[in-house]
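The values are calculated or read from the model by the stated rules, or taken from the named source; none is laboratory data. Computed from a prediction, not measured in an experiment: that's the story for all the values here. Every residue, glycine among them, receives a Cβ derived from its backbone with ideal geometry; neighbour counts consider all protein chains shown.
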Amino acid sequence: MEELRFIKAQYTYADFSTSISPAIELALERRETLGTVVLNIFRGGSFTVGVLDDPEKSLDLDYCKETL
């Protein structure tokens with residue numbers, strides 16, 4: 001059985017999906033780390049918008065401004 005690494009984290013969704021997760025995936029692909037299980041407990045609201053996404057269509061910007 002392969003040894004696994006366990007990481008407990010509290011990143012926002014945006015931080016996790018744009019930097020943390022890709023870094024772990026790259027390290028795994030390069031075989032630079034053990035198999036990894038990540039439990040990420042999101043600290044608060046966040047979002048990501050892709051290059052092809054239109055934020056005005058994907059998000060309720062008025063709601064976002066009201067709840068800041």
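Brief remarks on what is shown
- Among (1) at pLDDT 85 or above; (2) under 23 Å from T67 (Cα atoms); (3) over 12 Å from the mean Cα position of the chain (by Cα) - the single one S17 does not satisfy: (3)
- Applying a threshold of 8 Å to beta carbon distances and a minimum spacing of six or more residues, or different chains, the list of pairs starting in the range 42-59 at a residue that is hydroxyl-bearing (S, T, Y) and ending at one that is at pLDDT 75 or above and in a loop (DSSP other than H, G, I, E, B) reads S46/T12.
- Within the range 43-63, the set of residues being at pLDDT 80 or above and under 26 Å from A9 (Cβ atoms) comprises D53, S58, L59.
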